[in-house]
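Data block below; observations after.
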Amino acid sequence: MKWLVLIHVLVAVIGIGPTFFGNILLRKHQTISDLRHNILLQHKLDYFPKIGGTLAVITGILLVLFGNYGSILQVWLFGSLVIYLSIQVIVIGFISPALSELQRWLLHPENRASTQLPAEQDATLYKISNLYWLTCILGFLIFILMIIKPS
């Protein structure tokens, strides 16, 4: 059981960890060349939450099934699951499409000489940045629930 807990904690940190870089890499008020570089880095980091987050849920379910954690309806267990699903909805449903749209504009050959984002892309960057802040707050809440384990 200790090994399963270890694996769960590691994949959770590896899975959720890179989400905390989104608000740094895709921050508002940066140069377009920095943003181009950072959006490609963020694209690579997106694999960690997808794989690690999925493994964290699987190992978490195994821990609940085979461990002495009590009912899944406890605040810390159920709350963590709901928050995790909320993060997934935000990332998959809102951040990823906006990120793809911004990346298409940034990497389009006609826009390579641009030094400033047009208003539409600037608004998209603000939206992405704010959503990443929200996912960071939610990620912290998951860790708090998992550590404090309120009933």
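The values are calculated or read from the model by the stated rules, or taken from the named source; none is laboratory data. Bear in mind the structure is a predicted one, so any value in this text is a computation, not a measurement. Ideal geometry is used to build each Cβ from the backbone, glycine not excepted, and the neighbour counts take in all protein chains shown. Ligands, DNA and RNA are excluded from the accessible area calculation, which covers all protein heavy atoms including side chains. Shrake-Rupley method; radii C 1.70, N 1.55, O 1.52, S 1.80 Å.
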>> Out of everything in the stretch 1-36 that is among the β-branched types (Val, Ile, Thr) and open to solvent by less than 50 Å² (accessible area, probe 1.4 Å), what residue ends up being nearest to LEU55 (Cα to Cα)?
In response: VAL11
>> Considering only the stretch 99-116, I want to know if a residue exists there that is open to solvent by 30 Å² or more (accessible area, probe 1.4 Å), touching a His at 6+ places or on another chain (Cβ under 8 Å) and at pLDDT 90 or above.
In response: yes
> From LEU45, LEU65, which residue is of a type in the set (A, V, I, L, M, F, W, C) and open to solvent by less than 80 Å² (accessible area, probe 1.4 Å)?
Replying inline: LEU45
>> Step by step: first the residues of the stretch 127-151, then only those that are on the phi < 0 side of the Ramachandran plot and over 16 Å from the mean Cα position of the chain (by Cα), then the one that is most open to solvent (accessible area, probe 1.4 Å). Which residue is that?
In response: ILE147
